[in-house]
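The values are calculated or read from the model by the stated rules, or taken from the named source; none is laboratory data. Being a predicted model, the structure only gives us computed values, none of them experimental. Reconstructed Cβ throughout: ideal geometry from the backbone, glycine too, with neighbour counts over all protein chains shown. All accessible areas refer to the heavy atoms of the entire protein, side chains included, with ligands and DNA or RNA removed. Shrake-Rupley method; radii C 1.70, N 1.55, O 1.52, S 1.80 Å.
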Amino acid sequence: MHESKNINLTPFNTLALPGQAARYQKITTPEQLAAATTANEKRFILGGGSNLVLNGNFDGLILHMAIPCKRLLKEDAESFYIEAGAGENWHDFVQWTLQQGYPGLENLSLIPGTVGAAPIQNVGAYGIEVGELLHNVTAWDFEKQAFLTVDRSACRFGYRDSVFKQQGWHLSGRMAITSVVFRLPKAWVANTRYADVTQELAAQQISTPTPQDVANAIIAVRQRKLPDPAIIPNAGSFFHNPVVDHNVAHALASQNPALPCYPQPDGRVKLAAGWLIEQAGWKGKNLGPVGMYEKQALVLVNRGGATGADVRRTMAAVQADVKARFGVDLTPEPIFL
Ligand code: NAP
């Protein structure tokens with residue numbers, strides 16, 4: 001275990017933005033965290049860097065989570081309990097669970113990032129959120145200098161939200177998630193209600209899909225619609241889907257009959273941010289070196305040589321145009337460092 005100085009962070013963020021870290025350390029065991037830093041030192045916990053906008057240089061310590069582990073912890077009559085280290089690549093972990101015969105996470109295939117980052121924003125895709133299948137999270141608390149286990153209910157999961165975000169624990173570097181345990185029910189039911197998934201399975205002439213069939217369909221859809229960060233740097237969906245009051249959605253839908261509306265359990269209505277951005281004229285449009293992707297307007301892309309300031313400029317322009325056209329505020333998903 002050793003610390004490096006003045007490390008280039010461009011390879012560590014999928015938007016490929018420039019910036020240097022004054023100090024950097026790779027963490028491969030939970031115990032290294034205790035020795036790495038003092039309680040009130042400026043630090044940032046880095047996973048896959050796939051949900052990050054770098055504003056430039058970072059004058060603190062980057063702790064790069066690379067803790068490995070994937071194993072069956074235990075099983076009972078109803079469920080498999082699977083433990084994964086925070087540094088495991090999320091997609092590789094999901095594929096491993098399927099190969100081992102532990103279904104449930106297949107709809108979350110090809111989401112970029114690490115296992116440790118997934119609970120922070122409760123990543124979700126195609127009708128499944130990580131919080132639904134999570135049993136508990138183990139984290140190192142830098143303030144208390146102790147490990148703690150956070151059960152699912154204490155994670156306070158919401159739409160792309162968790163206690164780790166609500167309390168600012170992640171952004172302030174107060175806590176580092178070291179491992180996650182998932183509880184995957186043995187009674188598996190395919191969740192194929194999203195139109196893209198239904199259509200892909202139909203095109204492949206699969207009527208009773210296995211978990212791997214669902215994963216393969218989702219991988220195919222995502223590869224068609226989403227840019228590979230290794231080729232076109234991006235941070236996945238850049239804005240949250242706005243959730244608005246029923247009355248607001250009703251008024252918008254009467255002016256825009258094609259507006260996609262998804263009623264929520266609390267009576268409010270989720271709108272598709274990508275659709276709003278496209279209608280505001282931003283699909284495939286650039287401002288300087290930053291644009292919104294031509295095949296999926298929700299994805300902000302670095303066309304080459306962009307800085308964090310360029311990203312913020314395009315983000316603000318998109319937000320302003322959507323607000324002017326629909327009166328709806330868009331909130332960015334990534335963390336700004
Ligand atoms: P899409 O299929 O073009 O649909 C647009 C939006 O409408 C989605 O964001 C989705 O909301 C919502 N939607 C579509 N069908 C729905 C249904 N049957 N019930 C409820 N809501 C529905 O979406 P996309 O941009 O290609 O993304 C596909 C999936 O991957 C989405 O679930 C998206 O959230 C997910 N994704 C997640 C991340 C992330 O976690 N950061 C990044 C990229 C993509 P939801 O977003 O609430 O599902």
#### Entry: Residues of type aspartates and glutamates that residue 165 reaches as a straight line, Cα spacing below 12 Å, ignoring anything fewer than 8 places off in the same chain
333
## Note on the structure
For the residue 59, residue 255 Cβ pair and Förster radius 35 Å, calculated FRET efficiency rounded to 0.05 is 0.15
#### Entry: Surface accessible to a 1.4 Å probe, per residue, for the residues of segment 3-65, Å²
40 Å²
#### Entry: Gain in span if fully extended, residue 156 to residue 329, counting 0.36 nm per residue against the direct Cα distance
59.9 nm
### Leading residue at positive end of dipole, segment 234-332 (Cβ point charges), from 324, 254, 269
324
### Message
Sequence gap at least 6, Cα distance under 8 Å: using those rules, report the relative contact order of the chain to the nearest whole percent.
### Response
16 percent
### Efficiency of FRET between residue 76 and residue 8 - r from beta-carbon atoms, R0 56 angstrom, step 0.05
0.75
### Task
Grab the Cα-Cα distance for residue 313 and residue 212, subtract it from 0.36 nm times how many residues apart they are, and report the gain in nm with one decimal.
32.3 nm
### Query
At a 1.4 Å probe, what is the % contribution of carbon and sulfur to the accessible area of the chain?
51 percent
### Query
All other residues with a Cβ under 11 Å from the Cβ of residue 281 taken together, and with Lys, Arg as +1 and Asp, Glu as -1, what is their net charge?
+1
#### Entry: By average C-beta atoms within 10 angstrom, highest first, the peptides 169-176, 260-267, 82-89, 194-201
82-89, 169-176, 194-201, 260-267
### Query
Mind checking which lysines have their C-alpha under 27 Å from residue 186, skipping anything on the same chain fewer than 8 residues away?
70, 74
### Task
Give the distance, in whole Å, between the Cα centre of segment 314-337 and the Cα centre of segment 197-238.
26 Å
### Summary
Compactness check, the chain: C-alpha Rg relative to the 2.2 N^0.38 Å globular estimate gives 1.01
### Query
Which FRET efficiency value, to the nearest 0.05, do you get for residue 203 and residue 171 by plugging their Cβ-Cβ distance into 1/(1 + (r/R0)^6) with R0 = 56 Å?
0.85
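Can you check what the net charge comes to around residue 91, using other residues whose Cβ is under 15 Å from the Cβ of residue 91 (Lys, Arg +1; Asp, Glu -1)?
Charge balance in the 15 Å sphere: -2.
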### Message
From the convex hull of the Cα coordinates of segment 3-65, what is the mean projected area in square nanometres?
### Response
4.0 nm²
### segment 116-194 - accessible surface per residue (Å², probe 1.4 Å)
42 Å²
### Summary
What the 10 Å binned alpha carbon P(r) of segment 124-240 shows, as percent of pairs per bin from 0, is 11, 31, 32, 21, 5, 0
### Query
What net charge is computed for the residues neighbouring residue 320, neighbours being all others with C-beta under 13 Å from the C-beta of residue 320, Lys and Arg scored +1, Asp and Glu -1?
+2
### Query
Is it possible to state the helix-based mean residue ellipticity at 222 nm for the chain, with each DSSP H run of 4+ residues giving -39500 (n - 2.57), the sum divided by total residues, to the nearest 500 deg cm²/dmol? What is it?
-7000 deg cm²/dmol
### Message
What lysines does residue 225 reach when the alpha-carbon gap must be under 24 Å and sequence neighbours fewer than 8 apart in one chain are set aside?
### Response
270, 283, 285, 295
### Summary
Contour minus Cα-Cα span, residue 231 to residue 295, at 0.36 nm per residue, comes to 21.6 nm
